[in-house]
Amino acid sequence: MDEASDPLPTQPPDADHSVMKAAAASTIEVEKDPAHPQPNGTTTAPNGTDRRPSLPRFSTSKENVLSQFYIGSIDQGTTSTRFIIFDGIGQPVASHQHEFRQHYPESGWHEHDPAELIASMETCVEKGTATFKQMGHSIDDIRAIGITNQRETALVWDWETGEPLYNAIAWPDTRTKGLVRELKHKEQESGLDLSQLTGLPLSTYPSSVKLVWMLQHVPKVKEAYDAGKLAFGTVDTWLMYNLNGKNKDYYVTDSTNASRTMFVNLHTLKYDDKLLDFFGLDRNKLHLPRIVPSSDAEAYGKMASGPLQGMKIAGCIGDQSAALVGQQGFTPGSAKNTYGTGCFLLYNVGEKPVVSTHGLLGTVAYDFGRHRKPVYALEGSVAVAGSGVKCGFQAVPISFVALICHNSHDE
């Protein structure tokens with residue numbers, strides 16, 4: 001997800017022979033929830049005497065059964081990738097996190113190396129699974145894998161070879177400011193109301209403007225497009241395609257990610273020719289991923305390699321939607337606010353999309369499939385939150401930080 005800091009204690013990893021920088025890599029053997037201490041053994045009171053063991057928390061027989069099963073979760077965020085293994089009642093058991101390089105070729109530009117995104121994911125799965133096994137668990141106890149990812153980040157690759165044609169343009173990138181001004185003028189002249197169709201106003205956020213920029217400025221991308229060999233996708237599509245060994249049957253995107261491209265009609269959750277025409281795109285020249293529900297037992301395929309080879313991928317959802325689901329925001333009026341690289345508030349509005357007239361974004365909250373209607377949300381987005389704090393700390397001299405701490409202590 002857009003990186004919130006990990007609240008769990010970390011340990012430095014062994015030497016990591018991956019293509020990513022080693023900073024901030026960590027593998028975690030997660031302790032049991034301290035709010036639910038284990039019943040066996042005695043504890044020591046502050047006065048040094050033995051204290052009776054605490055009572056076990058109430059649990060149902062269903063909980064006891066679920067606690068024996070495990071789910072793997074890949075979280076591919078803006079600055080790092082994580083793999084976390086949870087038990088069936090939602091308690092984290094083991095994880096690994098790895099930062100990857102951020103590329104800033106020019107002011108306002110923000111890119112990722114597509115190969116590093118895949119390599120970071122593979123490293124996290126390998127090391128997180130190794131920790132899980134060292135704790136005495138069996139890989140066979142992991143029932144499925146789920147994925148969540150940074151949204152709007154745009155990737156392009158050759159449909160025939162699967163090789164990326166340019167770096168991924170990350171969601172905070174603002175190189176398209178001039179293009180957005182031109183497109184807003186075009187929208188006014190055409191009489192088309194993009195917000196009513198997509199829930200999104202024209203801005204540098206959506207994937208659409210990033211793709212148009214690449215077609216205008218990257219010759220290899222334009223050549224592939226003209227030859228009908230250009231594949232486009234957001235991060236979820238790129239991950240799924242590679243996890244399945246570049247099997248084109250799993251060239252897919254989930255509804256929450258698709259709704260951030262501006263190629264999709266928010267009311268039908270299908271690609272809209274009016275939108276593609278507006279951005280000057282020819283469906284006969286461009287490959288677009290098939291849109292599927294966030295939860296689908298068949299659409300996402302299986303892990304093609306690595307320690308979890310053959311493991312089913314059962315679902316995928318954009319990171320901010322994942323946070324709303326994680327907080328059980330399932331009823332209209334429920335909301336969540338998270339602080340990571342950026343700050344994002346999602347407010348559940350129910351089964352009909354709401355288009356804001358006050359600057360909020362209309363989006364898909366989640367789509368659980370099986371003939372159930374998708375659920376929508378209004379979103380308030382702030383691009384810079386944790387990233388600003390991180391930048392501030394990097395810019396402030398250590399001596400100044402020490403002085404602040406010293407003065408705070410004196411007071």
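The values are calculated or read from the model by the stated rules, or taken from the named source; none is laboratory data. A quick note: this is a predicted structure, and the numbers were derived from the prediction, not measured. All Cβ positions, even for glycine, are placed from backbone atoms using ideal geometry, and neighbour counts span all protein chains on display.
Quick notes on this one:
- Residue match in region 160-177 (condition: closer than 22 Å to Ser259 by Cβ and surrounded by fewer than 18 Cβ atoms within 10 Å (Cβ to Cβ)): yes
- Of the criteria (1) at pLDDT below 95; (2) assigned to a helix (DSSP H, G or I), which one Val125 fails: (1)
- Residue in region 116-125 that is surrounded by fewer than 23 Cβ atoms within 10 Å (Cβ to Cβ) and in contact with a helix residue (DSSP H, G or I) (Cβ under 6 Å, 6 or more places away or on another chain) present: yes
- Inside region 275-320, residues that are charged (D, E, K, R), within 28 Å of Ser73 (Cα to Cα) and over 17 Å from the mean Cα position of the chain (by Cα) make up a count of 5.
- Screening the candidates Thr204, Thr148, Thr174 for the property of being touching a residue at least 12 places away in the same chain (Cβ under 8 Å), assigned to a strand (DSSP E or B) and of a type outside the set (A, V, I, L, M, F, W, C) yields one hit, Thr148.
- Matching option when the condition is out of contact with any His (no Cβ under 6 Å at 6 or more places or on another chain), basic (Lys, Arg) and without any contact (Cβ under 8 Å) to a residue 60 or more places away in the chain, among Lys229, Lys184, Lys285: Lys184
- Filtered residues of region 252-280 (kept if assigned to a loop (DSSP other than H, G, I, E, B) and buried (at least 21 other Cβ atoms within 10 Å of the Cβ)): Ser259, Arg260, Thr261, Met262, Phe263, Leu266
- Counting only residues that are at pLDDT 90 or above and part of a loop (DSSP other than H, G, I, E, B), region 334-354 holds 5 of them.
- Thr237 being β-branched (Val, Ile, Thr) and within 14 Å of Leu155 (Cα to Cα): yes
- The condition of being of a type in the set (Val, Ile, Thr), surrounded by fewer than 19 Cβ atoms within 10 Å (Cβ to Cβ) and within 19 Å of Ala258 (Cβ to Cβ) holds for only one of Val375, Val354, Val384, Val364, that being Val354.
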